[in-house]
1. Return the residue satisfying two criteria in turn: it lies in the stretch 46-58 and is surrounded by 13 or more Cβ atoms within 10 Å (Cβ to Cβ) and in a loop (DSSP other than H, G, I, E, B), and of such residues it is modelled with the lowest pLDDT.
2. Return the total of residues in the stretch 1-45 being farther than 29 Å from residue 70 by Cβ and assigned to a loop (DSSP other than H, G, I, E, B).
C-alpha cells in the first residue's frame with residue numbers, strides 16, 4: 001500500500017440526516033464548526049447531511065422524492081414543455 005495516502009486525523013463525529021432527523025456516531029476526518037451533545041453526554045463535531053441511508057429511497061424501499069432547496073421545482077420549470 002502507498003504510504004501517507006489516508007488522513008491521520010480520524011475522530012468521532014456525529015452525522016445528522018436533515019431530512020428525517022436521524023443521527024449516528026462514527027469516525028471521520030471531515031471538518032465541522034458545529035458541535036452537538038451526544039447520548040453519552042460528550043460533545044462531538046456535527047456534520048449535516050441532506051440525505052442518508054435512513055431516508056434514501058433505495059435503502060428504505062419507499063419511492064419518495066426528497067426536495068432539497070427546491071431542486072425538483074427548478075428542474076420541472078426548466079424542462080417543462082413549451083406550448
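1. That would be 56.
2. Result for the stretch 1-45: 16.
The values are calculated or read from the model by the stated rules, or taken from the named source; none is laboratory data. None of the values given here were measured: they were computed from a predicted structure. Cβ sites come from the backbone with ideal geometry, for glycine too, and all protein chains shown count toward neighbours.
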